[in-house]
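Visitor: One structure coming up, written as structure tokens, with questions to follow.
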Amino acid sequence: MFDPAARKETGGAAPDTDGCGGIALMTIAASAAGARGTLGRGRLRNAAERAGLFLAVLAVLWGLWEGFRAFGEAVDLRAGQFVVNDRTMPHLHDIVAQLFEPSRRNGPLLIGVLWDAALFTAKEAAAGFLLGALFGLALGTALAHSGLLQRGFVPYIVASQTVPILAVAPMVVVWVNPRLPPGLRDWGAVAVISAYLTFFPVTINTIRGLTSVDPRALELMRSYAAGAWAVLWKLRFPAALPFIFAALKIAAPASVVGAIIGELPASIQAGLGGAILNFNQYYITSPPSLWATNLVAALLGISFFLAVLLAERLVVRRAPEHVG
Amino acid sequence: MSESRPAVVALRGVTKSFGAGGVTALQSIDLEVQPGEFVSLIGPSGCGKSTLLRIVGDLVEPTAGEVVVNGKSARQARLDGDYGIVFQDAVLYDWRTVARNISLPLELLGWDRARRAQRVRELLDLVELRGFENHHPWQLSGGMQQRVAIARALSFSPALLLMDEPFGALDEMTRERMNAELLRIWERSGSTVVFVTHSISEAVFLSTRVVVMSRRPGRIAAIVDIDLPQPRTADTREDPRFFELVTEVRDRLREGGLDEDRTAPDEGELVGEEAP
């Protein structure tokens, strides 16, 4: 009546529901995480399929870029100031090759410079992500207890995100930086800016997750005479985890964006924000350098997303249709 | 079964109305359930039988009347863990394994790990789910999920088991098998059961007494003693007395003011009878 092999199929073949099917790289890593048991043959085939899909999509994107370039050059495409050439649209292989050129005369390779910058920004973004996620969880948990508090505070929380981060960032630097100990100075202020972008989705989804619990599950807890803390820890919080992880997946790349933007008013040179500003100035002479920097920034954001995805696979035990 | 606690459930004049307009869901319900009894509440949709069950469990407050469970107020009985409840859906926690779903009430009671594990093993044997302790709910069939819910409700050995159409979502084959299992569990655990159902044949097969309710407002129309011999088996369903009792319950349902839009369904054709 019950076939364990059939179970493995349904348990292992989690549908591709992370809303980012195009970024197959993420799902490859997700299946490699293997949180739900041993590496079966089906799982391996699945991973191979995803790897194939990832390469196929990559090839299509490459084809679109290079195809448009070739087309633009062939018909001498002009749209106002926009002309298709090496300056506006460098060849993708030139962008990748630029990573292995010296960043300046007799300097280190660009990829080394960008690697250091990415690590620095990653430190800011990780601190900001943790700060923002914890703050968002705490705020969401507090607000979930009362509809009145939600109606009172949520509009301001929403308003906080309508202020452009570029307008907030300088003020954070001015307020926060002087109060930080020397070890945290500058990059700590950037982490706060990054947290500002992170806490919002976490707050909203924490409220949503904690309050959308099956009413019969609550009745059950009431029948056990469970206290408020037990209901929160044994029912509401685990039930909210998929919501919270959905928010963390949005927040993780946002924390990287926050860190990069935060570096600008903080005048931090060591991170990716500094690198973008720097290579922007030299765009005329070396367009691929800026493109390569953007590529590294994107990869950093993707790795943050992947880290959250991995954590989700390890932590959230739900029916396959709920995960993702 | 002790002399000092004559009734597990004693309801006197229980009335429930909803909202300011005062739609009366239940009116002047008097009912006593003796230790070891298996009492079914049957009636059409909207007769308030689920509400009555929830009043016994102190999940809903009555508007008027007295509710005594195990010789104390319904609230005190709930706080003391005097009853376990099973709903139409298993309401298992997806993120917990079968074993940890069953032990949830025990965690809340502060049992230590070893004692919980021991009790879970006993219960897995009782509901015949040995070997599934590390499965997650979504890996089980509907009937198996409901068995986990029953095991969870019995985990802390409550005197009273409240069941709100627990097999209403199952197909008829599974439902009949679950009925037989429930009787076996009832005999072994010695608890008292109050069971809400839509199905006449299910009520007659399981119960020692069937409480027939009418609707608008919900009232007890009749109480039918089920004098079928114990233990009940598949043969019970072939017993002429079984059919007589089914007919009697159906007649009582009709007399109870079953109205235009809903007649008592025939036994055997109850598959898919859904709660609203």
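Visitor: Condition first: exposed (fewer than 14 other Cβ atoms within 10 Å of the Cβ) and either of a type in the set (D, E, K, R) or outside any helix (DSSP H, G or I) (or both). Can you find one or more residues in the stretch A:52-61 that meet it? Spell out the reasoning first.
Guide: Filtering the stretch A:52-61 for residues exposed (fewer than 14 other Cβ atoms within 10 Å of the Cβ) gives A:52, A:55-56, A:58-61.
When the remaining residues are screened for being either of a type in the set (D, E, K, R) or outside any helix (DSSP H, G or I) (or both), the result is none.
No; the residues of the stretch A:52-61 include none that is exposed (fewer than 14 other Cβ atoms within 10 Å of the Cβ) and either of a type in the set (D, E, K, R) or outside any helix (DSSP H, G or I) (or both).
Visitor: Quick one: which of B:A169, B:A149 is surrounded by fewer than 21 Cβ atoms within 10 Å (Cβ to Cβ), small (G, A, S) and within 25 Å of B:G43 (Cα to Cα)? Reasoning before the result, please.
Guide: Numbers: B:A149 fails: surrounded by fewer than 21 Cβ atoms within 10 Å (Cβ to Cβ).
The conditions single out B:A169.
Visitor: A further question follows. Scanning for something of a type in the set (V, I, T) and without any contact (Cβ under 8 Å) to a residue 24 or more places away in the chain, does the stretch B:240-252 turn up at least one residue? Outline the logic, then answer.
Guide: Of all residues in the stretch B:240-252, those of a type in the set (V, I, T) come to B:246-247, B:249.
Pick out the ones that are also without any contact (Cβ under 8 Å) to a residue 24 or more places away in the chain and you get B:247.
Yes, there is a match, as at least one residue in the stretch B:240-252 is of a type in the set (V, I, T) and without any contact (Cβ under 8 Å) to a residue 24 or more places away in the chain.
Visitor: Still on this structure, I have one more. Please tell me if B:G65 is part of a strand (DSSP E or B), buried (at least 17 other Cβ atoms within 10 Å of the Cβ) and within 11 Å of chain A (Cβ to nearest Cβ).
Guide: Numbers: part of a strand (DSSP E or B): yes; buried (at least 17 other Cβ atoms within 10 Å of the Cβ): yes; within 11 Å of chain A (Cβ to nearest Cβ): no.
No; evaluated as a whole, the condition is false for this residue.
Visitor: I've got another one for you. I need the full set of residues from the stretch A:64-90 which are within 27 Å of the chain's Cα centre (by Cα), surrounded by 11 or more Cβ atoms within 10 Å (Cβ to Cβ) and free of Cβ contacts under 8 Å to residues at least 40 places away in the same chain, in order please.
Guide: Residues of the stretch A:64-90 within 27 Å of the chain's Cα centre (by Cα): A:64-65, A:89-90.
If we keep only those that are surrounded by 11 or more Cβ atoms within 10 Å (Cβ to Cβ) as well, we get A:65, A:89-90.
Answer for the stretch A:64-90, where residues must be within 27 Å of the chain's Cα centre (by Cα), surrounded by 11 or more Cβ atoms within 10 Å (Cβ to Cβ) and free of Cβ contacts under 8 Å to residues at least 40 places away in the same chain: A:W65, A:M89.
Visitor: While we're here: Could you check, for the stretch B:106-124, whether at least one of its residues is in contact (Cβ under 8 Å) with a residue 40 or more places away in the chain and farther than 25 Å from B:G57 by Cβ? First the steps, then the outcome.
Guide: So in the stretch B:106-124, the residues in contact (Cβ under 8 Å) with a residue 40 or more places away in the chain come out as B:106, B:109.
With the extra rule that they be farther than 25 Å from B:G57 by Cβ, the set shrinks to none.
There is no residue in the stretch B:106-124 that is in contact (Cβ under 8 Å) with a residue 40 or more places away in the chain and farther than 25 Å from B:G57 by Cβ.
Visitor: In addition: Hand me the list of helices (runs of 4 or more DSSP H) wholly inside the stretch A:131-239 holding 3 or more residues that are under 29 Å from A:V316 (Cα atoms) and within 14 Å of another protein chain (Cβ to nearest Cβ). Full working, then the answer.
Guide: Numbers: elements: A:147-162, A:165-176, A:187-211, A:215-223, A:228-231.
Helices (runs of 4 or more DSSP H) meeting the threshold: A:215-223, A:228-231.
Visitor: Given (1) surrounded by fewer than 23 Cβ atoms within 10 Å (Cβ to Cβ); (2) away from chain A (no Cβ under 14 Å), where does B:V9 come up short, assuming only one miss?
Guide: Going through (1) surrounded by fewer than 23 Cβ atoms within 10 Å (Cβ to Cβ); (2) away from chain A (no Cβ under 14 Å) one by one, B:V9 breaks only (1).
Visitor: If you don't mind, there's one more thing I want to ask. Picking from B:G48, B:G22, B:G36, B:G43, which residue would you name as being in contact with a helix residue (DSSP H, G or I) (Cβ under 6 Å, 6 or more places away or on another chain) and either without any contact (Cβ under 8 Å) to a residue 24 or more places away in the chain or more than 14 Å from chain A (Cβ to nearest Cβ) (or both)?
Guide: Details: B:G48 fails: in contact with a helix residue (DSSP H, G or I) (Cβ under 6 Å, 6 or more places away or on another chain); B:G22 fails: in contact with a helix residue (DSSP H, G or I) (Cβ under 6 Å, 6 or more places away or on another chain); B:G36 fails: in contact with a helix residue (DSSP H, G or I) (Cβ under 6 Å, 6 or more places away or on another chain).
Testing whether each residue is in contact with a helix residue (DSSP H, G or I) (Cβ under 6 Å, 6 or more places away or on another chain) and either without any contact (Cβ under 8 Å) to a residue 24 or more places away in the chain or more than 14 Å from chain A (Cβ to nearest Cβ) (or both) leaves just B:G43.
Visitor: So, one more: Take B:H198 and tell me if it is in contact with an Asp or Glu (Cβ under 7 Å, 6 or more places away or on another chain) and either surrounded by 17 or more Cβ atoms within 10 Å (Cβ to Cβ) or among the aromatic types (F, W, Y) (or both). Walk me through it before giving the result.
Guide: Working: in contact with an Asp or Glu (Cβ under 7 Å, 6 or more places away or on another chain): yes; either surrounded by 17 or more Cβ atoms within 10 Å (Cβ to Cβ) or among the aromatic types (F, W, Y) (or both): yes.
Here the answer is yes, as B:H198 does meet what is asked.
Visitor: Now a separate question. Only one of these is touching a helix residue (DSSP H, G or I) at 6+ places or on another chain (Cβ under 9 Å) and outside any loop (DSSP other than H, G, I, E, B): B:L170, B:L182, B:L228. Name it.
Guide: Working: B:L170 fails: outside any loop (DSSP other than H, G, I, E, B); B:L228 fails: outside any loop (DSSP other than H, G, I, E, B).
Just one listed residue meets the conditions, B:L182.
Visitor: What's the number of the condition B:L183 fails, among (1) within 14 Å of another protein chain (Cβ to nearest Cβ); (2) out of contact with any Asp or Glu (no Cβ under 9 Å at 6 or more places or on another chain)?
Guide: (1)
Visitor: Can you pull out the residues in the stretch B:37-49 that are polar (S, T, N, Q) and at pLDDT 90 or above?
Guide: So in the stretch B:37-49, the residues polar (S, T, N, Q) come out as B:40, B:45.
Selection gives B:S40 alone.
Visitor: Would you mention how many residues in the stretch A:240-292 are within 29 Å of A:V202 (Cα to Cα) and part of a helix (DSSP H, G or I)?
Guide: Residues flagged as within 29 Å of A:V202 (Cα to Cα) and part of a helix (DSSP H, G or I) within the stretch A:240-292 amount to 28.
The values are calculated or read from the model by the stated rules, or taken from the named source; none is laboratory data. Everything numeric here is computed off the predicted structure, so don't read it as measured data. Cβ atoms come from the backbone with ideal geometry, glycine included; neighbour counts cover every protein chain shown.
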